[in-house]
Every structure is written in structure tokens, then in C-alpha cells.
Amino acid sequence: MNVLVLSVVGVDGQLSSTGKKLLSSTFQSNKFLTQNNWTGGVSRLVDVSLLPNDALDASVSSLNIQKIVFVGLAQKEKKETENSKVLNIASQYAQEVTQNEADVTLNSLLRDQCEKVVGLIKKELKEEKKDEEKKEEETTATSPFTVYLEDFDGHIQSAAEGIVLGNWKFDLDFDKFCQRVFDKAQGFIQNNIKLVPGVSQEVEQSFKKGIVFGASQLLSRYLLELPANFLTPTLYCEAIQKVVDKYLLYVDNEFVKSKLQVTVRDEDWAREKGMGSFLSVARGSDEKPKILELVYTNNSNKKADEFDLAIVGKGITFDSGGISLKPGPGMKDMKGDMGGSSCAICSLLGAVQLQLPVNVIVVAMMTENMPSGHATKPGDVVKAMNGKTIEVDNTDAEGRLILADGLCYVCEKSPETVLDIATLTGAVIIALGHVTAGVYTSNAKLWRQLEGASFQTNDYFWRMPIFREQYLGQMKSDVSNLNNIGGREGGSCTAATFLSEFIDFGKVKEWAHLDIAAVAQTKQGYTGRPTRAVLQFIAQKSQQ
């Protein structure tokens, strides 16, 4: 099945400018269009066989379109109250950050609607298969439809992202999932999502950008969904290497080999580097810890060892809490405690696929946190790579312990900017709900860049405070430089302040901590967020 997706915009529900070119003037006056106000994000699927023979323009008639989906992006005119003008996120924050609140709102609506379009098409196919008395599995095991997209009046990136994200379907077999979604020969993304003929080169570039942004989040979500025994540190590294070798979009092997270096570090290497904090978390597990390092160098204005950006990702592939054992209910969700690393890795791979002119290093600190006779005990003292000692008061506050050594390591590279990304605290969920990730930084310029990236992608960040002296006061220890917890009060803030003690600002210009626990998993499940926002930040970085 070939499906054409068209948008209906504005308060009066008019076809986009491209849509008007693709449909004949006769059909544009059809009651189906003229009597539908299209507000509220309405989608309509129409069988082309029911339309007049000349309904489609000659430019698309050769595509053998069988269905048209009209995506309703029209907005009702609202009479705003003074409170809504001041407090509504679109009117206040979006306008302040991007100077274009309409784009922020439209991008979000378009992405969501296009994501639903895929479900709409699949539902239609299922019904047709039932009529033919065939198994429903056939419609989900393969991708028996192709989607053609217009340019959506300059918003094609969001539309492409939505179509990609809508193609989500979990498969326990890693290769089957990647082949179905990413494979160049048969994958849905490269073979079943297309532009209508005659679009500009600029639209093509925005389309590809949307595809990569959506694919990056989709891969991050998939990694989060995998059971912990299917994504041990060793299997995790192997999976990423396989993606690099076989499943990157829009780049050839020669480019990847020349620009991207993947290195897996083992326990002995970490011990030689003095990463006692990281290794203390790994002690309880029989699974060997790994440090996955990805180095992407494509900035012609810098040497290969001069980095615009370094990202450290938390990769706890299962978090039982260690000796400070978590409660049983919900513990299975702790397979997703590696969401910071998947976000960091998939964002970087997105940058590779877009061939962004930037130098980035990603370091993913991977281990399980398990109880055993070898496990670190509450009250033990460990030493980080920079020589600071840490009293482990609670072994379930392990994310900051592995990030500490990762941050020390990347600071040795003297990058301009350092980010660390982690599903670090439950406290940030209590503070922010599942709407936005928390960002901690003392650098106002860096914050504005991250905030801008988040609004461009509707994958929001919110700035949180670091009052260093006050929060450090909550982490005093009688036997070491730091305690690894600071009590319940300001739990996310103390965790971020703890991490700041492992940044060498003599070598690094700016640093931000992203606590993504609130968005990596929501009440609807794992999301892969905020991968698109981080990728957008890297894209912005490449233009500086």
C-alpha cells in the first residue's frame, strides 16, 4: 500500500501550500475538505479509489497512491485569559527561547499526529487482512506500506520524526529489530518513508535530518526495552558495534571508518586508570564491567584529539540497589537504568549519520549493580580517579559513583564542553513529573543552548539549582572527602553537586549534568528521551 500524507493547517483548516499543488482544484472544493474544520489534531484516511480520477496531480499520479491521510493540524482560535498568556508554556517559554511559539507548537502537534498516522495505517491493514482471512501477524512482521510525505510548509523534519517513531515494535531479537527498521536493503526507514517528487534540496536535507533524529530516539528506546540478560555490559558493547558496522543511515563504511573510532575498555584498564569508584559498583556482579568509548572526529578546524564536546553516560544495565537492595515491586524496570548511556551513544551516532562537522567523545560507563559476598558494603570508602575518597553510605546511589570516574577521564581530554547524562535520581521525578529532564549547570550560556535545543525538539529541559557550598554540606563524611548521599532533601540537587566535584574546570570550559530519570521512562513506558534534544545540541555545537 502506498499512502500520501497531507496536512491541513491554520484556524480555517486549509490544505498546506504543497497539498494544494498535489490535489486538483476540483477536489479541493470537495465537501470532505470544505466541511471539516480539522481542529483538535484530527486525522482522516481516504481511499483514493473513492475520489475522482483527476483528484491527484500528475506529479504524484505515477506513485500508485492507494490512500491519502489528511493530518489535521488546524488550531481553534482561542480567547486567551491573562493567566494563560503568562503561564502557558507555548506563549511564555517557547516565545522567549525560540522567538517563534507557533513553530514550537506546530512541530509538537505534527510529530504526534504523524506518529499516530502509522498506527492508523497499520489498523487499516489489519482490517483488510482480516477480511482476507489472513493472520494479523503478517501486517506487523513486515512493512507492507510506503509513506509519501509532502514538505508540510517547512516542517518536514517533525513529520519525518513522527513517522519513524510511529514504526515502533519491540522484537527480542536485536538483528531482526534492526533489519526491520534500519537495514539499507529492507528496513522500513530507508525503503518505506519517502518524499513526494519535486521537493527542494533543502526539504530533502530536513527530511533526512528528521529521519535520523527519529531513528536515534527509536534505537535508544529499543536498548532501554531489552531485558537485562539480553543487554549485559558485554552484549551492550557488541550491539553498538553491530549498529556501527551495519545499521547507520545515509553514510558509507568508508566515512564511518575514517571518522568514528569505537573502543571497549575492560576492568584491568579501569583499574590501571585508578577508577576505584566505578569498580566499587561492579564488585557485586559476575558480569564484567565495560567502558565503551566512541570518538567521532569531523571538525576540520581542530586536531583529532581536540574535542568540542565530551558526553559521559550512565550505563547501569541492571540496578538491584546492591547491598542497599531495592524493593521487589518495580525492580524489573531497573533494566532501564542505562538510559543515560543509550541517549549519549545514540545522539553521537545521529551526529555521525548527519556527518556533523564536530569532534565528540562519548564514554559509557557500563556495569550491573548487584549484591553478593564481593559487593561494596554501606560504609565502605572508595577512591575515585582524581584521588577524592567517597564513603558509600548507600549502594543504591551508584550512578554518581560510576559517573565520577567517567568525568575524571574525559576531563583529561580537555574538551570545551562536558555533559553527563543519567537516570540518576527519583527525586527529579518528584520535582518535575514526566514532562522535562532536569539540567544542572552554573554556566548561563550553556544552559541557554541546551534550553534552545530542547524547545526546538519539544523534548524539554528545565534548569535546576546548584548551590555548591550548601549542598556539599549535606554530603559530609567523617572518614572521607565526600559521602555519596546527602539525605532526602534536594536529592537531585545534591547528586548533581556531587558530580561537580569530579570536573576539572582548569581543563574544561563548561559542564552540565542532565538528570533524565523523569523522561527516559514515563507512565507509558520507556521513551528513548531526550535523545533528540541532545542530538540537536550537538548540531548547534557543530555550527559554532
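The values are calculated or read from the model by the stated rules, or taken from the named source; none is laboratory data. What you are looking at is a predicted structure, and each value in this text was computed from that prediction instead of being measured. Every residue, glycine among them, receives a Cβ derived from its backbone with ideal geometry; neighbour counts consider all protein chains shown. The accessibility values were calculated without ligands, DNA or RNA, using every heavy atom of the protein model including side chains. Shrake-Rupley method; radii C 1.70, N 1.55, O 1.52, S 1.80 Å.
Under 9 Å between Cβ atoms, at least 6 apart or on separate chains: pull out the pairs that start in region 145-174 with a residue that is touching a residue at least 60 places away in the same chain (Cβ under 8 Å) and among the charged types (D, E, K, R) and end on any residue that is open to solvent by 10 Å² or more (accessible area, probe 1.4 Å) and in a strand (DSSP E or B).
Within 9 Å, the pairs are E150/L195; D151/L195; D153/V9.
Could you list all residues from region 416-431 that are open to solvent by 30 Å² or more (accessible area, probe 1.4 Å) and either under 18 Å from the mean Cα position of the chain (by Cα) or among the hydrophobic types (A, V, I, L, M, F, W, C) (or both)?
Result: A427, I429, I430, A431.
Just give me the residues in region 445-463 being open to solvent by 10 Å² or more (accessible area, probe 1.4 Å) and assigned to a strand (DSSP E or B), in sequence order. Step through it out loud before you land on a result.
Here is the first cut: in region 445-463, the ones open to solvent by 10 Å² or more (accessible area, probe 1.4 Å) are 445, 447-449, 451-452, 456, 458, 460, 462-463.
Matches in region 445-463: W462, R463.
If I ask for residues that are on the phi < 0 side of the Ramachandran plot and open to solvent by 10 Å² or more (accessible area, probe 1.4 Å), which ones from region 512-538 would you list?
Once the filter is applied, which keeps residues that are on the phi < 0 side of the Ramachandran plot and open to solvent by 10 Å² or more (accessible area, probe 1.4 Å), region 512-538 yields A517, Q521, T522, K523, Q524, Y526, T527, R529, R532, Q536.
Test C408 against the stated conditions and say whether it is within 25 Å of N394 (Cβ to Cβ), within 24 Å of the chain's Cα centre (by Cα), assigned to a helix (DSSP H, G or I) and not aliphatic (A, V, I, L, M).
When the stated conditions are applied, C408 does not pass them.
Give just the number: which of (1) under 27 Å from E412 (Cα atoms); (2) more than 14 Å from the chain's Cα centre (by Cα); (3) at pLDDT 95 or above does Q544 not satisfy?
(3)
Taking interchain pairs and intrachain pairs at least six residues apart, which have beta carbon atoms under 9 angstrom, with the first residue in region 471-484 and β-branched (V, I, T) and the second in a strand (DSSP E or B)?
V479/V381; V479/T389; V479/E391
Starting from residues that are farther than 17 Å from R400 by Cβ and in a loop (DSSP other than H, G, I, E, B), keep the ones in region 466-493 and report whichever is most open to solvent (accessible area, probe 1.4 Å).
Per the stated criteria, the residue is D478.
In region 367-376, is there at least one residue being within 30 Å of G210 (Cα to Cα) and surrounded by fewer than 24 Cβ atoms within 10 Å (Cβ to Cβ)?
Within region 367-376, not a single residue is within 30 Å of G210 (Cα to Cα) and surrounded by fewer than 24 Cβ atoms within 10 Å (Cβ to Cβ).
Out of all the residues in region 268-288, is one or more touching a helix residue (DSSP H, G or I) at 6+ places or on another chain (Cβ under 6 Å), open to solvent by less than 30 Å² (accessible area, probe 1.4 Å) and closer than 23 Å to R529 by Cβ?
no
Among (1) small (G, A, S); (2) touching a His at 6+ places or on another chain (Cβ under 9 Å); (3) in a loop (DSSP other than H, G, I, E, B), where does S206 come up short?
Unmet condition: (3).
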